[in-house]
1. Hey, fewest Cβ within 10 Å first, where do 119, 128, 34 land in order?
2. Once the cut-off is 22 Å, how many percent of the Cα-Cα pairs in segment 2-76 end up in the long-distance tail?
3. Please tell me which of these pairs span more than 32 angstrom C-alpha to C-alpha: 35/66; 3/151; 79/115; 66/144; 3/79; 9/151?
4. Å³ per residue of the Cα convex hull, for segment 22-64?
5. Please report 144, 151, 115, 66 as a ranked list, fewest other C-beta atoms within 10 angstrom at the top and most at the bottom.
6. Using only C-alpha atoms and all pairs of different ones, pull out the Kirkwood radius for segment 59-143 in Å with one decimal.
7. Mind putting a number on the dipole of the chain about its Cα centre? Charges go on the C-beta only, +1 for Lys and Arg and -1 for Asp and Glu, and I need it in Debye to the nearest 20.
8. For residue 128, what charge total do you get from the other residues with a beta carbon under 14 Å from its beta carbon, if Lys and Arg give +1 and Asp and Glu give -1?
Amino acid sequence: MAKLNVNGKVQDYQADDGTPLLWVLREQLGLTGTKYGCGIAQCGACTVHIDGVPTRSCVMPASAIKPTQKITTIEGLSKDGSHPVQKAWVALDVPQCGFCQSGMIMAATALLKAKPNPTDKEIDEAMTNICRCGTYNRVRAAIKSVAAGGKTKKAQNDNGGGIIHVADLAETERSAS
Ligand code: FES
Ligand code: FES
């Protein structure tokens, strides 16, 4: 029986060498918040943290991870969705279908930990996840909102239709200076 430290708990699992971490998380540990998209390290839907580093779990063999290494999945960010990145995602209505979003949140969380006030270039470099629904602008706004301390404001959308929430970018710039 092998062991993994997931979300602060050491857990047993049994899998052939080479079994991707994603399948151990989903099928043995019941942590289905981490999604399978492409299986070839391209889309980022399967992103988790290993010792704080965003990692595509679909291509990471579980057997390559030591029990001393700390794995964090979307379920481990907070018990109740109260992590600042999760709150920003809700405040800005980031998801559409939602399938890619746990991976997006895990990538954004690691980025903001390393760079609390990332530039657009740093966001582009870190956020290589793919979203078929095209939520990229809202993902960027939510990251900026967290950098600005969670501040958002309401604005008309481009069609003059509904109200959308956008990050208060002026505030982001003020806090950066
Ligand atoms: S499922 Fe892992 S990167 Fe797409
Ligand atoms: S919200 Fe649907 S794939 Fe990203």
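1. 119, 128, 34
2. 8
3. Numbers: 35/66 22 Å; 3/151 41 Å; 79/115 24 Å; 66/144 34 Å; 3/79 23 Å; 9/151 34 Å.
Result: 3/151; 66/144; 9/151 exceed 32 Å.
4. That works out to 69 Å³ per residue.
5. 66, 115, 151, 144
6. Numbers: mean 1/r = 0.0723 Å⁻¹.
Kirkwood hydrodynamic radius for segment 59-143: 13.8 Å.
7. Computed charge dipole of the chain: roughly 300 debye.
8. 0
Readers should treat all values here as calculations from the given coordinates under stated rules, not as data from a laboratory. No experiment lies behind these values; they were computed from the predicted model shown. Here the Cβ is made from the backbone with ideal geometry for all residues, glycine too, and neighbour counts use every protein chain on show.
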